[in-house]
Amino acid sequence: MTTLSIRVFGEPAPQGSKTAIVRGGKAIMYEASKKLPKWRDSVLMTCKVTALEQKAETPLLGPLAASVTFYLERPHSTTRAYPNNAPDVDKLLRAVFDGLQESGVISNDGQIVIVTAFKLWADEENPPGAVISISKKEY
């Protein structure tokens, strides 16, 4: 089984929430998260470098399993054990999966048939970012 392990540093940003503005009588949609471009660039570049370092045959083909753990910056004012608020884990995954596809690590994010995802607070051992594991799923 082929497994690719990727550690992306940076502030995870959601993808999917859109904002609209009207220009010339036409609605123009754009991503609401201003942090998304920087995060997607981090995912994209880290995926490319990691695939080269691990000598992975990319793109990974066939059905895939993905495990992603997001580490989010803990606000000073919170005492909650988990980041059970925005950003939504599904929107965080969307940004990662599109980055995996855009980097050439996978052909299409539709290949991902199994997903495990966590949102945790960042700490000294796990700074903000994400740990991604992509495996070929054998049947």
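Checking the condition at pLDDT 95 or above, outside any loop (DSSP other than H, G, I, E, B) and open to solvent by less than 40 Å² (accessible area, probe 1.4 Å), which residue from 43, 113 passes? Before you say what the answer is, go through the steps one by one.
Values: 113 fails: open to solvent by less than 40 Å² (accessible area, probe 1.4 Å).
None of the others qualify; the one that does is 43.
Of all residues in the range 57-72, those that are open to solvent by 10 Å² or more (accessible area, probe 1.4 Å) have Cβ atoms under 7 Å from Cβ atoms of residues that are of a type in the set (Ser, Thr, Tyr) and not in a loop (DSSP other than H, G, I, E, B), 6 or more apart or on another chain, in 65/135; 67/116; 67/133.
Let's see how each residue does on (1) crowded, with 18+ Cβ neighbours inside 10 Å; (2) not in a strand (DSSP E or B):
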{"position": "38", "(1), (2)": "no, yes"}
{"position": "47", "(1), (2)": "yes, yes"}
{"position": "55", "(1), (2)": "no, yes"}
{"position": "117", "(1), (2)": "no, no"}
{"position": "135", "(1), (2)": "no, no"}
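Given the condition basic (Lys, Arg), under 14 Å from the mean Cα position of the chain (by Cα), in a loop (DSSP other than H, G, I, E, B) and closer than 24 Å to residue 121 by Cα, answer yes or no: does some residue in the range 67-76 qualify?
Scanning the range 67-76, I find no residue that is basic (Lys, Arg), under 14 Å from the mean Cα position of the chain (by Cα), in a loop (DSSP other than H, G, I, E, B) and closer than 24 Å to residue 121 by Cα, so the answer is no.
When residue 75 is tested against (1) over 19 Å from residue 35 (Cα atoms); (2) without any contact (Cβ under 8 Å) to a residue 40 or more places away in the chain; (3) open to solvent by 40 Å² or more (accessible area, probe 1.4 Å), exactly one condition is not met: (1).
Tally up the residues in the range 119-133 that are farther than 11 Å from residue 67 by Cα and open to solvent by less than 30 Å² (accessible area, probe 1.4 Å), please.
First, pick out the residues of the range 119-133 that are farther than 11 Å from residue 67 by Cα: 119-129.
After this cut, where a residue has to be open to solvent by less than 30 Å² (accessible area, probe 1.4 Å) as well, the list is 121-122, 129.
So the answer is 3.
A Cβ distance below 9 Å, combined with a sequence gap of six or more or placement on separate chains, defines the contacts here; from the range 8-24, residues that are under 14 Å from residue 87 (Cβ atoms) and at pLDDT 75 or above reach residues that are assigned to a strand (DSSP E or B) and among the charged types (D, E, K, R) in the pairs 12/119; 13/31; 14/31; 15/31; 16/31. Applying the selection to the range 82-108, what residues are loosely packed, with under 12 Cβ neighbours inside 10 Å and in contact (Cβ under 8 Å) with a residue 40 or more places away in the chain? 86 - this is the single residue of the range 82-108 that is loosely packed, with under 12 Cβ neighbours inside 10 Å and in contact (Cβ under 8 Å) with a residue 40 or more places away in the chain.
The values are calculated or read from the model by the stated rules, or taken from the named source; none is laboratory data. From a predicted model like this one, the values you see are computed outputs, not experimental measurements. Here Cβ is always computed from backbone atoms with ideal geometry, including for glycine, and neighbour counts include all displayed protein chains. Surface areas here come from the heavy atoms of the whole protein model, side chains and all, with no ligands, DNA or RNA. Shrake-Rupley method; radii C 1.70, N 1.55, O 1.52, S 1.80 Å.
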